[in-house]
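What follows is a single structure, written as structure tokens, with notes after it.
The values are calculated or read from the model by the stated rules, or taken from the named source; none is laboratory data. Values in this document were obtained by computation on a predicted structure and should not be read as measured data. Don't worry about glycine lacking a Cβ; one is built from the backbone with ideal geometry, like all the others, and counts go over all protein chains shown. Each accessible area value is taken on the protein alone, full model and side chains, heavy atoms only, with ligands, DNA and RNA left out. Shrake-Rupley method; radii C 1.70, N 1.55, O 1.52, S 1.80 Å.
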Amino acid sequence: MKFLIAVGSKEYSESTLRVGMQIAKSFQAAVTIVYVGPKISDFSLPHVRLAQERMEEWDFDRPGVEVLEWAFNFLAKNDYITSTTIESGFPKNTLVQTDGNRCDVYLQGTISTDVNLILRNGDIISELRDEVARGGFDVTIIGGSQKRRMAHDMIQYIDSSILIVNKYNPDKTYGLLLPVDDSRKTPQAVKYGVRVAQAFGIKVDLLTVSKTNKFGKGYRNAAKRAAKMMRRMGIEYENHFKHGDPAVVIRETAGNDHIIVMGTSTKNPIAKFFMGSKPLQVMESNPCPILIVK
Amino acid sequence: MLQHIIFWLTQKRWLLFALAVGAVLLLLPVPSSMESMQGETMTDPIKAYRTMIIVIMAIILIIFEPVPLPAVALMMLFLQVILGIDDPNGVAKSFMNDAVFFIMGSLMMAVAIVSQGLDSRLALGIIRFTGNKTWRIAFGFVGISAFLSSFIGEHTVTAMMMPVGLTLIYNTSTDRDATKNLAALILFSIAYGSAMGSIGTPSGGGRNVIMIGYWQEFGLADISYLGWMRYTYPMLLVEIPIAVAILWFTFRPKQKVLDSAVRKLKVQVARRGAMTGQNILAIIVFLIVFLGWVFLSKKMGLGIIALIGVFLYLVLGLIRWSDLNRNTNWGVILLFGAAISIGLQMKETGAALWFANSAIDIMKNLSEDISILRWLIAVLLTGVLTNLLSNSATVAVIGPIVLNMGGDPIVMGFSTAIASAFAYLTVVASPTCMIIHSSGLVQRSDFIKAGWKMFIMSIVILFIMSKFWADS
């Protein structure tokens, strides 16, 4: 498994890194941290590059490197990764350009095999989409402080599962809310839910929502299979059957003390573009971390 | 697959919008005001109308950048042939001229000069000149940036000065909050100083050479290198102290003296060693080019002399072709060539005259005095567009319109070329703004905070100067 964590600034990225790394560990996933800086217009790109070369000559880091350095040190300090200081390492923070807008970042005198650092410049959705396609990532993680529209576009356009770390408080005890239904993405969401529950050691609330009072065979079977999986993995769980508008019921059940894991919508992309989807509605209305499994 | 198509469509929405605008305009009849001009001033209204359509589409694409800029340049060229405005050879001839040679040569020379690492020499020069007081250092950055950029172009100077400015900022403190205002003061002193300075001589910016080219092409004036300086340098000298005051009172840094930061900078510069023979040779080559511009530009053209300079840098081994090739903005050269080509078509077809008359008609309620009105239209149109497009592209497109508005072509031409340097308001306004923004130490909002004052100040001084030019 490969996880991509997008960091924006030191102020807002701490919980993104914490949650992202904890889940990545449970998947034994390789982690890459990416910082996407602002887009540089075509008019200015070579001039800016020239100025940046001069800055590097004077030992100044390019903007964004300090955020990646902070992220690396934060992970090492909190034992999410093992960092080794070596004398033969790079004499200063070094950027290796691998594409027009993309650089691999190597920190001064330090190595870690647990994490890669990437610096990019450009439109954030295009850059993350490109990075996911290039690295074949399974999960992309972003902070909830990012603009709403961005989370929306990520769910729509990025070819990996998406974890949005909305307002996560490490001192609070969370539950895991796992909405299940008869869609073909539910089994995958259940598998991810198991790993997340194991990562945090938390109880799972299995939620089946029907728009009417009746629960069809497909819904009941999905809930049954999910429960069986929980039992098999030794995870404490509870089954809930509720009716109403799914997005509203999920929001009310989740409150602000659940991590939500749910499958992506299987609607066709044009319908999703114009009418939205259940995961999008849940993401927009919930103040909780949410993992949308693709 | 469908998802990829939807993503592509959302990313390219401004391209689709530009194409739709172009298609709709093409289906509409030629405006009656354009038809009525048919005769001496406009030979073919259909060609004029189609030229305006290309300009509108190009402006949308340049502002929103849904496609790479070189693609916009190519579109401007092939549409001229497809829409029957000119034949392929006519388009090719209008695409390449001395102004494009100059832009190409000066961009390549900029790469050669910046890669010499002369920034440490500049650092010493500034400190010797200014001492330790912060306001004097800001004055030094504005003054030296303006002086240098008037000869070698704004982005070259900003690229060289920025490491010096950053060193002073980080030597003061590595805590960003503590040096927030100091960083803004120093970096804007560099960027705005360079932008202001670029009006000083023809070689200060491609747009100056484009205007000289239009004057010659339309038989309106023939301005020499020193002749240009006589018009613009007084304005530059007046602007420098006012700009320092604006920046000082806008950002008011906590640190009034940069004693230890300057001391550390001196040590850092000393460690970088003395000037090498290669550095001296690079300066000599530039001086040769400069003397060529002053004494030979009337005969040889500024562009050809710039190309000789590049030739000398290459044969003397002062820069490798691979470095030159990597860091030269070829896309911008293509775009400026295409913009000049469309500018010439606007003049040729009469579209420029139609636009000039229409703009004056629309705005005639603002002022009774036609000379003030056309000046105001020229300056505001240029000032606004330069903050959205590139300044050279603005002059390439606006130049023929302004020179068709009537009035003294010298006053109108200088006002347009100078107003195109007022790129203070947005990050994308010019490479100088983008370079300091790329340091991560100035925010987008800072550009508006200081920029609007610079913009107003520059317009007021330009107005006063243009009165002098008109009377002289």
Exercise. Check B:Met363 against each of (1) open to solvent by less than 60 Å² (accessible area, probe 1.4 Å); (2) within 29 Å of B:Phe95 (Cα to Cα); (3) away from chain A (no Cβ under 14 Å) and name the one condition it does not meet.
Key: (2)
Quiz prompt | Cross-chain or 6+ apart pairs with Cβ under 8 Å, segment A:250-271 first and outside the structural domain of A:Asp205 (by TED's automatic domain parsing), then open to solvent by 60 Å² or more (accessible area, probe 1.4 Å) and not polar (S, T, N, Q) | solution = none
Exercise. Could you please find all residues in segment B:118-170 being away from chain A (no Cβ under 14 Å), of a type in the set (Ser, Thr, Tyr) and under 24 Å from the mean Cα position of the chain (by Cα)?
Key: B:Ser150
Exercise. Of all residues in segment B:160-180, count the ones that are surrounded by 18 or more Cβ atoms within 10 Å (Cβ to Cβ) and closer than 16 Å to B:Lys256 by Cα.
Key: 8
Quiz item: Any residue at all in segment B:418-425 that is open to solvent by less than 20 Å² (accessible area, probe 1.4 Å), more than 14 Å from every other protein chain (Cβ to nearest Cβ) and either in a helix (DSSP H, G or I) or under 22 Å from B:Leu353 (Cα atoms) (or both)?
Solution: yes
Quiz item: Among the candidates B:Ile401, B:Ile435, B:Ile448, which residue alone is among the hydrophobic types (A, V, I, L, M, F, W, C), assigned to a helix (DSSP H, G or I), closer than 30 Å to A:Val36 by Cα and open to solvent by less than 10 Å² (accessible area, probe 1.4 Å)?
Solution: B:Ile435
Quiz item: Within the set of pairs 6+ apart or on separate chains, which have a first residue in segment B:315-330 that is in contact (Cβ under 8 Å) with a residue 60 or more places away in the chain, a second that is small (Gly, Ala, Ser), and C-beta atoms under 8 Å apart?
Solution: B:Leu318/B:Ala112; B:Leu318/B:Ala282; B:Ile319/B:Ala112; B:Ile319/B:Ser115; B:Asp323/B:Ser115; B:Leu324/B:Ala112; B:Asn327/B:Ser115
Self-check item: Members of segment A:36-48 that are within 7 Å of chain B (Cβ to nearest Cβ) and either within 9 Å of B:Ser438 (Cβ to Cβ) or polar (S, T, N, Q) (or both)
Solution: A:Ile40, A:Ser41, A:Ser44, A:Val48
Practice problem: With a cut-off of at least 2 residues that are open to solvent by 10 Å² or more (accessible area, probe 1.4 Å) and either closer than 18 Å to B:Val402 by Cβ or among the aliphatic types (A, V, I, L, M) (or both), name the helices (runs of 4 or more DSSP H) lying wholly within segment B:283-356. | Solution: B:302-315, B:330-349
Exercise. Assess whether A:Asn166 counts as being open to solvent by less than 60 Å² (accessible area, probe 1.4 Å), polar (S, T, N, Q) and within 12 Å of A:Ile259 (Cβ to Cβ).
Key: yes
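Residue-wise test of (1) open to solvent by less than 60 Å² (accessible area, probe 1.4 Å); (2) more than 14 Å from chain B (Cβ to nearest Cβ); (3) more than 23 Å from the chain's Cα centre (by Cα).
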{"position": "A:Glu53", "(1), (2), (3)": "no, no, yes"}
{"position": "A:Glu57", "(1), (2), (3)": "no, no, yes"}
{"position": "A:Gly64", "(1), (2), (3)": "yes, no, no"}
{"position": "A:Asn78", "(1), (2), (3)": "yes, yes, no"}
{"position": "A:Gln97", "(1), (2), (3)": "no, no, yes"}
{"position": "A:Asp104", "(1), (2), (3)": "yes, yes, no"}
Quiz item: Looking at (1) open to solvent by less than 60 Å² (accessible area, probe 1.4 Å); (2) in a loop (DSSP other than H, G, I, E, B); (3) under 30 Å from A:Tyr219 (Cα atoms), which is the only condition A:Thr173 fails?
Solution: (1)
